[in-house]
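S.K.: Have a look at the structure that comes next, please.
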C-alpha cells in the first residue's frame, strides 16, 4: 500500500504556545518546524523580561499538565522559569524542531492549498540579558511550503504605545519614553522622576521595582487595576486559595465574591506589617469600589501598585493627556512638573505582520470571534495559539489545551465541528464573556469553561460524577484543592493517569483551615443554587454551574429535593419543612443577587481615573 503522506506544519514563535504546539504535534506523530526570531526559547520572558521579575501565577499550578513541578509554593523568577521550559523541551525531545534567529517575514496562502512561508535568518537579537553574547548567524532567506500554519507569537508580540501629544517635545527636552518591553532594570532610574502609564501586571511590577530606586513614582491609570491579588498571604502563595469550586460558581453571584474579598483583605490579622496592612486595605477598596473580582474582570496578580503607593509614596493619576516640555498633563486637568521618564505599560497589538492576505488577517484580528480563540470557520488551516488571556489561574494551561486541540485536528484524529456548530460555539463564548466580563480585554477568556470546552472536544474531560463515586479522595483534591492542570491528563488522548493522579494528590492547601473551610462551604452553597437552577431549568443559562462540575451539582440538587419529598412522605415533616425553608432562602438570596440594578455585572465602571476633562487641542491622544 502507498505510504500515507503526513501533514506538514509551520509554527511561528518559540514561547509557551510554540513549545506546546511542537510537543503535542510530536505526540501525534506529526513533524513541524518552529521558527523563532530570537536566539533562545521562552517568548516574552526571554525577549522582554526585566531583572528581578517573577511569574505572577505560582508553581501551585503553573506548569505543563504532564510535566509537573515538584515545589508547589513558589513564584518562579524568570530565569528559573526559562530553566523549566528548557527542561520541558529536552524531556520531550523536541529541540530539533526549533530554528532560531529566524523571522517569518512573509506568509502567503497558496492557491493550491497550504501556506508558503518565507523566513529571514540573521541575528535578530535585541540584546536581552538572557541571549548569548556571541550570536553569529549566517544571513539567508528560506521559503518552504506547509499544509498548516500555527501562529504562536501570542498577544505580547507587537508593543502598543499611545501617540501622546507633545511626546516629541518631551523627548527633545531630555525626557525618555519607552514601552515596558524595553524596560530592563530599575537601577536605570535612580534619582529620577518616573511615570508608569498602565496598571496591569507589567505596569504593577515595574512601578514597584522602580519606586524603590527613583526619586518620585507616579502611576497613570486609564482605568483602575484589575482584581488585585498579592503574591503571598499568610506564608502561602495567594493563588493556593483558588480551586475549581470557586471558579465554577454561577457568574451572576459575583457580588458574594466582591464582598468576600473585601472582608478577607480587611482582616488585618493576616499580616503584622503595618505597611502591608495598609496595602491590603488599599487593594480591598480598589476591588470593592470598582466591583472587581475573579468573575467580573481579569486579575492583576501583582501587588506592585498597592505596595508602590503604601510603601514608597507613589502617587496615582488618571491617564496622560499631553506633554509640555518636561511637564505632564493628565485628563483631570492636573499636571506634574519636570518628569524624566515615562514607561508605557500599555499592552500589545494583536497583529500578524507577515500575513500577506490582509483579509485573512482581519478574520483573526479579534481572537474572541474565533473558535476556541484559535480558528476561523472560514479559514481552517490557520491556528492561533496563545492569543488568549485567562481571567485567572494561568496562561500555560490555555496554550497547552489549544495546542492539544490543534494537534488532534491536524493529525486527523479529530474533525472540526460543522461550520454551523463552530459559529454557534463562538456565539456562545462571545455572549458569555459579554455578560460576565464586559470590561475585559478582547483576548480575555473564562478559564474553566474555556478549557473544559476544549477538553470535551478532545475527549480528555474528567468525569467528576464517576470520580465522586469511585475515587472520592481524588475528587476532593480536584474540587477543593487549587486547580491542577493534570486533571486533563486522567483520560483521553495523551493521558497519563498514574502521573496525573500522583500530581493531584500532591496538591497543597491553604494552611488556615478554618478560613478555607468557611469559604469552601459558602462556595458549595452557591454551586448548590446553580445546581437547583440547572436541574429545575430556572434562572436562565448564566445561573448554571460552570464547567465539568455542573452534572454532579445537579445530581446533588435532585438528591436534596428527593430527600425533602421522601422525608415529608414518611412523616418527618420537620425535616422536610427545614429543607424547604433552606431552599427558599437560597433562592431568595439568588433572586436578590440577580435582580438588583446596583449590582448589574454589565455596568460600565467609571471613575476620576477614566473621566477626561483636559482638552489640549480638542482631543486626548490616549483616547485614540
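Read the figures in this text as sums done on the coordinates, not as results from a lab. Everything numeric in this text was worked out from a predicted model, so none of it was measured. Every residue, glycine among them, receives a Cβ derived from its backbone with ideal geometry; neighbour counts consider all protein chains shown.
S.K.: Give, in nm to one decimal, the length gained when the segment between residue 428 and residue 516 is fully stretched (0.36 nm per residue of separation minus the Cα-Cα distance). Don't skip to the answer; put the middle values down first.
M.R.: Details: separation 88, 0.36 × 88 = 31.68 nm, distance 3.32 nm.
This chain segment gains 28.4 nm when fully extended.
S.K.: Taking the Cα atoms of segment 405-518 alone, what are Rg (to one decimal) and Dmax (as a whole number) in Å?
M.R.: According to the Cα coordinates of segment 405-518, Rg and Dmax are 16.9, 50 Å.
S.K.: Let me ask something else. So if R0 is 25 Å, what FRET efficiency would residue 87 and residue 137 give, r being the distance between their Cβ atoms, rounded to the nearest 0.05?
M.R.: On the way: r = 25 Å, r/R0 = 1.01.
The calculated FRET efficiency here is 0.50.
S.K.: So what's the gap between the Cα centers of segment 99-150 and segment 409-476, to the nearest angstrom?
M.R.: Comparing the Cα centres of segment 99-150 and segment 409-476, I get a distance of 33 Å.
S.K.: How high is the relative contact order of the chain, in percent, with contacts defined as C-alpha pairs under 8 Å that are six or more residues apart?
M.R.: Once normalised by length, the contact order is 18 percent.
S.K.: Out of [x] 52.6; [y] 37.7; [z] 31.6, which label holds the value of mean projected area of the Cα convex hull in nm² that was computed here?
M.R.: Looking at mean projected area of the Cα convex hull in nm² for this model, the match is [z].
S.K.: Sticking with this structure for a sec: How far apart, in nm, are two points set 7 Å out from the Cα along the Cα-to-Cβ line at residue 435 and at residue 108?
M.R.: Spacing of the two 7 Å Cα→Cβ label points: 4.7 nm.
S.K.: Once every Cα of segment 61-150 carries one equal point scatterer and solvent is ignored, give the base-10 log of I(q)/I(0) from the Debye formula at q = 0.26 Å⁻¹, two decimals.
M.R.: Debye output, listed in q order: -1.24.
S.K.: Ok, one more. Could you give the Stokes-Einstein D for segment 242-329 in µm² per second, using the C-alpha Kirkwood radius, 10 °C, 1.306 mPa s?
M.R.: On the way: Rh = 15.0 Å.
Roughly 106 µm²/s, to the nearest whole number.
S.K.: Hey, what number do you get for the chain at 222 nm if only DSSP H runs of n ≥ 4 count, each worth -39500 (n - 2.57), divided across all residues, to the nearest 500? Display every interim value, and only then the final one.
M.R.: Numbers: 19 runs with 232 residues, N = 624.
Here the helix-only value at 222 nm equals -11500 deg cm²/dmol.
S.K.: Tell me, what is the percent relative contact order of segment 432-491, built from C-alpha pairs under 8 Å that lie six or more residues apart? Write out the running numbers ahead of the final one.
M.R.: On the way: 23 pairs, mean separation 20.1, N = 60.
Relative contact order of segment 432-491: 33 percent.
S.K.: Quick check: the distance between the Cα centres of segment 154-218 and segment 71-93, to the nearest angstrom?
M.R.: 28
S.K.: Still on this structure, please answer the following. Which three lengths, in whole Å and largest first, does segment 459-503 cover when its Cα atoms are put on their principal axes?
M.R.: 24, 19, 15
S.K.: How high is the relative contact order of segment 126-216, in percent, counting Cα pairs under 8 Å that sit 6 or more residues apart?
M.R.: 22
S.K.: Find the all-direction average of the projected area of the Cα convex hull for segment 430-485, expressing the result in square nanometres with one decimal place.
M.R.: Numbers: hull surface 20.1 nm².
Projected over every direction and averaged, the Cα hull of segment 430-485 covers 5.0 nm².
S.K.: Given R₀ = 56 Å, FRET efficiency for residue 171-residue 118 by Cβ-Cβ distance, to 0.05? Could you put the intermediate results ahead of the total?
M.R.: On the way: r = 35 Å, r/R0 = 0.63.
Calculated value: 0.95.
S.K.: First measure r as the distance between the Cβ atoms of residue 79 and residue 273, then evaluate 1/(1 + (r/R0)^6) with R0 = 30 Å and state the FRET efficiency to the nearest 0.05. Present the calculation step by step, with values, prior to reporting the outcome.
M.R.: Details: r = 28 Å, r/R0 = 0.93.
Once the sixth-power term is evaluated, E becomes 0.60.
S.K.: Show me the ranking of peptides 353-364, 246-257 by mean Cβ neighbours inside 10 Å, starting with the highest.
M.R.: Numbers: 353-364: 15.4, 246-257: 21.8.
Ranked by mean Cβ neighbours within 10 Å, highest first: 246-257, 353-364.
S.K.: Per the Debye formula with a single identical scatterer at each Cα and no solvent contribution, what log10 I(q)/I(0) holds for segment 322-439 at q = 0.18, 0.21 Å⁻¹?
M.R.: Results for segment 322-439 at q = 0.18, 0.21 Å⁻¹ read -1.00, -1.26.
S.K.: Still on this structure, I have one more. Can you give me the Cα centroid spacing of segment 1-52 and segment 258-319 in angstrom?
M.R.: The distance from the Cα centre of segment 1-52 to that of segment 258-319 comes to 38 Å.
S.K.: Could you give the length gained on full extension between residue 559 and residue 126, defined as 0.36 nm per residue of separation minus the Cα-Cα distance, in nm?
M.R.: On the way: separation 433, 0.36 × 433 = 155.88 nm, distance 6.15 nm.
Result: 149.7 nm gained on full extension.
S.K.: Go ahead and collect, in residue order, the members of segment 212-254 whose backbone nitrogen is under 20 Å from a label point 7 Å along the Cα-Cβ direction of residue 472.
M.R.: Within reach of a label on residue 472, which here means backbone N under 20 Å from a point 7 Å along Cα→Cβ, segment 212-254 contributes 245.
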